[in-house]
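What follows is calculated from the coordinates using simple rules that are stated; it is not laboratory data. Here the structure is a predicted model, which is why all the values come from computation and not from measurement. Cβ sites come from the backbone with ideal geometry, for glycine too, and all protein chains shown count toward neighbours.
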Protein chains: 2
Amino acid sequence: MAAYNELSKEELLELKNDLETQFKEVKAQNLKLDMSRGKPSTEQLNLSMGMMDVLKSDSDLVCEEGVDCRNYGVLDGIKEAKQLLADMMEVPKDNIVIFGNSSLNIMYDTIARSMTHGVMGSTPWCKLDKVKFLCPVPGYDRHFAITEYFGIEMINVPMTPTGPDMDIVEKLVSSDPAIKGIWCVPKYSNPQGITYSDETVHRFAKLNPAAEDFRIFWDNAYGIHHLYEDKQDYLLEILMECKKEGHPDMVYKFASTSKISFPGSGIGAIAASDANLADIRKQMKIQTIGHDKLNQLRHARYFKDIHGMVQHMKKHADIMRPKFDIVLETLEKELGGLEIGSWMAPRGGYFISFDAMEGCAKAIVAKAKEAGLIMTNAGATFPYGKDPKDSNIRIAPSYPTVEELKVAAKIFVLSVKLVSIDKILEQK
Amino acid sequence: MAAYNELSKEELLELKNDLETQFKEVKAQNLKLDMSRGKPSTEQLNLSMGMMDVLKSDSDLVCEEGVDCRNYGVLDGIKEAKQLLADMMEVPKDNIVIFGNSSLNIMYDTIARSMTHGVMGSTPWCKLDKVKFLCPVPGYDRHFAITEYFGIEMINVPMTPTGPDMDIVEKLVSSDPAIKGIWCVPKYSNPQGITYSDETVHRFAKLNPAAEDFRIFWDNAYGIHHLYEDKQDYLLEILMECKKEGHPDMVYKFASTSKISFPGSGIGAIAASDANLADIRKQMKIQTIGHDKLNQLRHARYFKDIHGMVQHMKKHADIMRPKFDIVLETLEKELGGLEIGSWMAPRGGYFISFDAMEGCAKAIVAKAKEAGLIMTNAGATFPYGKDPKDSNIRIAPSYPTVEELKVAAKIFVLSVKLVSIDKILEQK
């Protein structure tokens, strides 16, 4: 089909008329559809139900340290959970600390600690006039919410197909000592599904920050969350790369089992250098007597080892793949060639990122809502909720069923078409 | 027996000789005993083993809100867990927020948030020249560790048999705007086992703080942790008392099920006024997507309601009571009338507090260690680990068996006697 902006005004009006009829029909169905959140489906949750039977009243609840997991003790994670998550995060098990059920909480705590106590002896950030973070965009709204909550100024860095624009990152990080960190989702990124290239990771490891307490916040949330057996992305391991470049302390790596076992009841972890972990443990021993070891034991015994976890993730992929496929097929079929939007086909993760024509994202999300389809708020993928081009929309296909997604994807493309036509007509 | 300081030098030396023989005998046994930590015994943990079978792979895991507890959702606690912990904490269920497995972590977070964001709109504490906390002594070392970690100046307030010396508390709180809080364990206090009297609670509720962001940190850790059926302490409910006095926002109340279900895997909660909770939720929604709802559900279904929990606590009491009895009997029998130490018989909680002659606590703990008995470090019950009189020793009888406690208590009194004799001889 021809690009919309090559159509005449009359053709566009006629097309609009036809699309509006379709839109009215779907609206009349009073649907309730939701593509707003990266939430596993019930079918996915059911994959891990065996976990509920791993620990019973007659189970031995002693972990490898010889500690009764029901009682106090073992501050930073039981050995078997450390081994499992270390393998998942591709780091030595001595470079990992296990926390509670949420890696977001670890990231929050990391920023909070830096605010009040600095980083490995540096000036507490709350004592500084200005603290800044680099934010590759589009990105994850909850990252941006943390830095916003602490009054940290956020600077947008555009994403490219190989990761953040490293020319900009290098220039800013090496020149401005107020820049203390950068938020990264390096694999199957939220929302674009981009995996940082080897060169990008190398350039990260080689950064020469103006601030001694600059840290890369490497949220590897989707490290083993592939969609395909045969097409998988590979990401260089950042801790090792930083170590090789003589910057062992420059990175914190985060991950959790939220989208492997249960989102509400997984286990989260941080991986970092010995020196960083020593700094973290200093706080941790004040903050808690230790996290839930029974849940750690439950995870370790259920998955057994990283191989078990990888096998488990194939079952997730089998559920997720058709959902991504239906959305991507619909986008391709309905919007291909129209030049009113662009997207990438990710090989893993939880999202598809859609870039509409400038100034159209909010209107598209509103239009979809009219027909009963909830999308992530336009702007959510940018700091302060402000997409300067009002263009990016995050599509989360995980939670609805395939049947629901067929309809949802149709409503979405209809909304894109209608809003885009109006936009083009405005300009004609 | 006569008081030691009434004995002649010769009598004391003879006595010492005899005690040293006894000490050598016990030392020769190479014992390994530990009365240092308020840690439930294995027998107590076994009481809750049924909890491991409550949620199985065929269980309905939907909570009262209609939310699947395995997935994301429900920020501040599922309804049934809120009801259970609200009843446990004697507050309305709307005045409670459920957190993770540790109330200590909630207290830490509360202080951390006050440092970076202030309290209900007040100036962040990190922006102030000086922040001070009142610390009733002896008290809980982990409270003091939090305030020390944040550089908060701690001011000792002596405990009396009815709670902190309220004359001092009132005077300081009403005159010094740098005083932002006071640590309280109001029932079966750590370590003395004191329950604040009605008058003390009233005087707390009537405080007129110089600082608008002054808060009472009311750690009701042992609210239902009685030792006896017939002798129980009652504590006025502080939230209601503060509300009556027109100070609804002046208190945070903390509790957890750590010493009810499992220390490592319980659930913790904060209770406070609507306005305080709104302030807390503002942070919470940035910090986490929610805590472990499956564990909340597990607790709610296992205990069913507060009556179930109270019945459960009677089983704990049956295990704890003989342990307290053996220690108290030994103290009474071996030290009664000697005037070399004093203690109180608590009706609940986890500790017995022993006050040795001035300048003797460290030496007693060291002496006990010689014979293989680990006690809590002398000084631990005071801010900065400094007991100005070097007198207080915390005894934790929960973890060892009754048989072990018989020996441990003997070693302890032997150590007290030997160190005290040396002290008295010095002075003669």
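Over the C-alpha trace of the stretch A:258-358, radius of gyration and Dmax come out as 20.3, 58 angstrom. With N as its number of residues, the stretch B:137-249 has a Cα radius of gyration that, divided by 2.2 N^0.38 Å, comes to 1.05.
Counted over the protein assembly as shown, the DSSP beta bridges are approximately 45% antiparallel. Springs between Cα atoms under 10 Å define the GNM used for chain A, and in it the highest mean-square fluctuation of A:MET320, A:MET154, A:MET344 occurs at A:MET344. Pairs of Lys residues in the stretch B:115-253 are counted when their Cα atoms are under 18 angstrom apart and they lie 8 or more places apart or on different chains; the count is 15. Counting only aspartates and glutamates at least 8 places from A:LYS386 when in the same chain, those with an alpha carbon closer than 19 Å to its own are A:ASP141, A:GLU148, A:GLU153, A:ASP355, A:GLU358. Computed over the Cα atoms of the stretch A:1-64, the ratio of the radius of gyration to the Kirkwood radius (Rg/Rh) comes to 1.46.
Ranked from largest, the principal axis spans of the Cα set of chain A equal 76, 56, 35 Å.
The rule of thumb for compact globular proteins, 2.2 N^0.38 Å, goes into the C-alpha radius of gyration of the stretch A:1-150 1.75 times. Among the trypsin sites (Lys or Arg not before Pro) in the stretch A:181-234, those located in a DSSP loop and surrounded by at most 16 other Cβ atoms within 10 Å of their own Cβ are A:LYS206, A:LYS231. Are there any GluC sites (Glu not before Pro) in the stretch A:214-310 that are in a DSSP loop and have at most 14 other Cβ atoms within 10 Å? List them by number. Within the stretch A:214-310, the qualifying GluC sites (Glu not before Pro) (loop, at most 14 other Cβ atoms within 10 Å) are A:GLU229. The fraction of all Cα pairs in the protein assembly as shown landing in successive 20 Å bins from 0 to the largest distance is 14, 42, 31, 10, 2, 0, given as whole percents.
Counting Cβ atoms of other protein chains within 10 Å of each residue's Cβ and taking the mean over peptide B:277-287 gives 3.
What are the distances, in nm and sorted shortest first, from the label point of B:ASP129 to the label points of the same position in each other copy, with each label point placed 7 Å from Cα along the Cα-to-Cβ direction? List, nearest first: 2.2 nm. Residues considered: A:VAL54, A:VAL402, A:VAL169. Largest GNM mean-square fluctuation over chain A, using C-alpha springs under 10 Å, is found at A:VAL54. Electrostatic bookkeeping for A:LYS369 treats Lys and Arg as +1 and Asp and Glu as -1; over the other residues with beta carbon under 12 Å from its beta carbon, the sum is +2. Extents of the stretch A:70-112, largest first, come to 30, 28, 15 Å (Cα atoms, principal axes, whole angstrom). As a rough footprinting exposure proxy, the listed residues A:ILE393, B:ILE96 were ranked by other beta carbons within 10 Å of their own, and the order from fewest upward is B:ILE96, A:ILE393.
Among the GluC sites (Glu not before Pro) in the stretch B:335-428, those placed in a DSSP loop whose Cβ has at most 12 other Cβ atoms within 10 Å are B:GLU358. Projecting the alpha carbon convex hull of the stretch A:302-428 along each direction and taking the average yields 9.3 nm².
Rounded to the nearest 5, the antiparallel percentage of DSSP beta bridges internal to chain B is 45%.
Principal axis extents of the Cα atoms in the stretch A:195-343, from largest to smallest and rounded to whole angstrom, are 55, 43, 25.
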